[in-house]
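*Asks:* One structure coming up, written as structure tokens, with questions to follow.
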Amino acid sequence: MQMTRLLLLSSLALTFTLALASGADWSRFRGPNGSGVAEGTLPPIDPKKPLWKVEIPGHGAGSPIVIGSKVFVQTASKDGKTRTLLCLNAADGTTVWTKDLPGTSATIHAKNSFASSTPASDGNAVYCAWWDGSGVALHAYDMAGTEKWSASLGGYVSQHGPGMSPVLHDGLVFVSVDDDERAELVAFDTKTGQKKWQQPRKAYRASYSSPFILKRDNKPAELILGTTTAITSYEPATGKINWNYEIPWPAGKMPLRVIGHPVYAGGLMVMACGDGGGSRYMVAINPDAKTPAKVWELAKETPYVPCMLVKGDLLFWVTDKPGLGCCAEAKTGKVLWSERLFGKEVTSSPVMVGDEILAIGEDGEMVVFKASREFETVAKVSLKEAVFASPAVADGKVFIRGTSHLFCFGKK
């Protein structure tokens, strides 16, 4: 049956399609370990005929996650007085339950929202970072929506407002709180909410990157976090620092924010950063050197908000503006191609499914291109709705949050 289905779907070559994960969860921001990568079957996508489309109340820029038969997404009322966790049926988009928290309005960036965080789940509970307008907190809910515990993360000071997302590993939930005055990485027990460890970091300019787990053969797992001031490797269970690379910002140059987290490619740790003024910087370091050291750097046509993708020894990214798609050799930083994909700006992070990359512009324009050393466009279509959140891929379906609706594309 599976082979028959694959053959049938492959015959839809003239239909806009994506290779999607089959039966796999998308359990955190950017999916499995924050990679933005899925593999699997090829269901057709037609923006005019979604599998389902439901209105999302309020406003938010956080991405959906998918756990089994449920979709979770955070939103907030437009007046800023209510924060809401939505649980939807992945099959038809109907609401299963909602959980509200009080909040207040506050100053945020024009592209930010009061619900810009993405939840994370281990299948037993859903973990959400909330900002009530003054302070941030981590809340844990069981799969039926009952709150299990909550933990304060303190105040938050930034002209842009927060947007951090939690990450799970081995019974712990990690949150990076990094604003203009304070920076720290905190670990909590997923079952009890007990704080297990807390590591201060040097604060300078608010960053919104999430940590990820680096796993390599014959080496213990590492928790990697990159922010304005440094890229750091921690021991996940204890918070002990394995190594730390301080970004050597030159005198007179404003240190830049980090929103998309670092990636590991070609034996190097690569991180991109930028700011609203158009400054950009990407650096690759060798984490295995006696003292982690810079291998290469780029200072133009690199991303600020969108996260990068890795396929083998190749790096792929989409720039915020003017919306370029780029491919580079991870080991050297040599850019192999740079092509204009969008006429408008891009905030959403691309996802890679099989050997194809889906990128979405702020105006809802969607472009699929090959993840290869030579540029090749596969398809271009329009969602007809603005998009700031990153898509999720699970169980043979693509879930895209627009500014007003959540769309699901795939086969019934």
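*Asks:* Step through the residues of region 375-386 one at a time and calculate ³J(HN,Hα) from phi using the Karplus curve (6.51 cos²θ - 1.76 cosθ + 1.60, θ = phi - 60°), rounding each to whole Hz and writing x for Gly and Pro.
*Replies:* 6, 8, 7, 9, 6, 9, 9, 10, 7, 6, 7, 5
*Asks:* While we're looking at this one, here's another question. When the solvent-accessible surface of protein heavy atoms is calculated with a 1.4 angstrom probe, in what order do Ile108, Ile400 fall, highest first? Can you show the working numbers first?
*Replies:* Numbers: Ile108 50, Ile400 0 Å².
My answer, sorted largest first, is Ile108, Ile400.
*Asks:* Another one. Starting from 0.36 nm per residue, how many nanometres of slack lie between Met254 and Thr377 once their C-alpha separation is accounted for?
*Replies:* Details: separation 123, 0.36 × 123 = 44.28 nm, distance 3.64 nm.
Separation in residues times 0.36 nm, less the Cα-Cα distance, equals 40.6 nm.
*Asks:* Next question. For the chain, with every protein chain kept in place, what is the accessible area per residue (1.4 Å probe, Å²)?
*Replies:* Numbers: 16450 Å² over 412 residues.
I get 40 Å² per residue for this part.
*Asks:* Output ³J(HN,Hα) for region 290-295: one whole-Hz value per residue in order, computed from phi by the Karplus curve 6.51 cos²θ - 1.76 cosθ + 1.60 with θ = phi - 60°, and x for Gly and Pro.
*Replies:* 3, 10, x, 9, 5, 9
*Asks:* Please give, to one decimal in nm, the separation of the simple spin-label points placed at Lys412 and Lys148, each 7 Å out from Cα toward the Cβ.
*Replies:* 3.6
*Asks:* Just by accessible area at a 1.4 angstrom probe, what is the order of Thr146, Thr347, Thr227 from largest to smallest? Write out the running numbers ahead of the final one.
*Replies:* Numbers: Thr146 80, Thr347 25, Thr227 0 Å².
Most to least solvent-accessible, the answer reads Thr146, Thr347, Thr227.
*Asks:* Shifting gears a bit: How many percent of the accessible area of the chain is carbon or sulfur, using a 1.4 Å probe? Could the numbers behind the result be given before it?
*Replies:* Details: 8360 of 16450 Å².
Answer for the chain is 51 percent, counting heavy atoms of protein chains only.
*Asks:* Sorting Glu345, Glu329, Glu297, Glu181 by accessible area (1.4 Å probe), largest first, what list results?
*Replies:* On the way: Glu345 65, Glu329 45, Glu297 90, Glu181 135 Å².
Ranked from most to least accessible, the order is Glu181, Glu297, Glu345, Glu329.
*Asks:* Taking a spot 7 Å from the Cα of Ile241 along the direction of its beta carbon, which residues of region 291-317 have an amide N less than 13 Å from it?
*Replies:* From region 291-317, the list is 292.
*Asks:* What percent does the relative contact order of the chain come to when contacts are Cα pairs within less than 8 Å and at least six residues apart? All intermediate terms of the calculation are to be shown ahead of the outcome.
*Replies:* On the way: 1164 pairs, mean separation 61.6, N = 412.
Reported as a whole number, the value is 15 percent.
*Asks:* Could I ask something else about it? Only helical DSSP H runs with n ≥ 4 go in: add -39500 (n - 2.57) per run for the chain, normalise by residue count and round the 222 nm mean residue ellipticity to 500 deg cm²/dmol. Please list the in-between numbers first.
*Replies:* Details: 1 runs with 9 residues, N = 412.
Mean residue ellipticity, 222 nm, calculated: -500 deg cm²/dmol.
*Asks:* Using 0.36 nm per residue, how much length does the chain from Asp132 to Lys219 gain when fully extended, once their Cα-Cα distance is taken away? It would help to have the intermediate numbers written out before the result.
*Replies:* Details: separation 87, 0.36 × 87 = 31.32 nm, distance 4.01 nm.
Residue separation times 0.36 nm, minus the Cα-Cα distance, leaves 27.3 nm.
*Asks:* I'd like the per residue volume of the convex hull spanned by the Cα atoms of the chain, given in cubic angstrom.
*Replies:* 133
*Asks:* While we're here: Using alpha-carbon pairs under 8 Å, 6+ residues apart, how would you state the relative contact order of region 216-327 in percent?
*Replies:* On the way: 228 pairs, mean separation 19.6, N = 112.
Result for region 216-327 is 18 percent.
*Asks:* Please give the length that would be gained between Asp313 and Trp97 if that part of the chain were fully extended, namely 0.36 nm times their separation in residues minus their C-alpha to C-alpha distance (nm, one decimal).
*Replies:* Values: separation 216, 0.36 × 216 = 77.76 nm, distance 4.29 nm.
Stretched out fully, the Asp313 to Trp97 stretch lengthens by 73.5 nm.
The values are calculated or read from the model by the stated rules, or taken from the named source; none is laboratory data. Small disclaimer: the values here were computed from a predicted structure and weren't measured. Neighbour counts run over all protein chains shown; Cβ positions are idealised from the backbone, glycine included. Accessible surface is based on the protein model in full, side chains and every heavy atom, while ligands, DNA and RNA are left aside. Shrake-Rupley method; radii C 1.70, N 1.55, O 1.52, S 1.80 Å.
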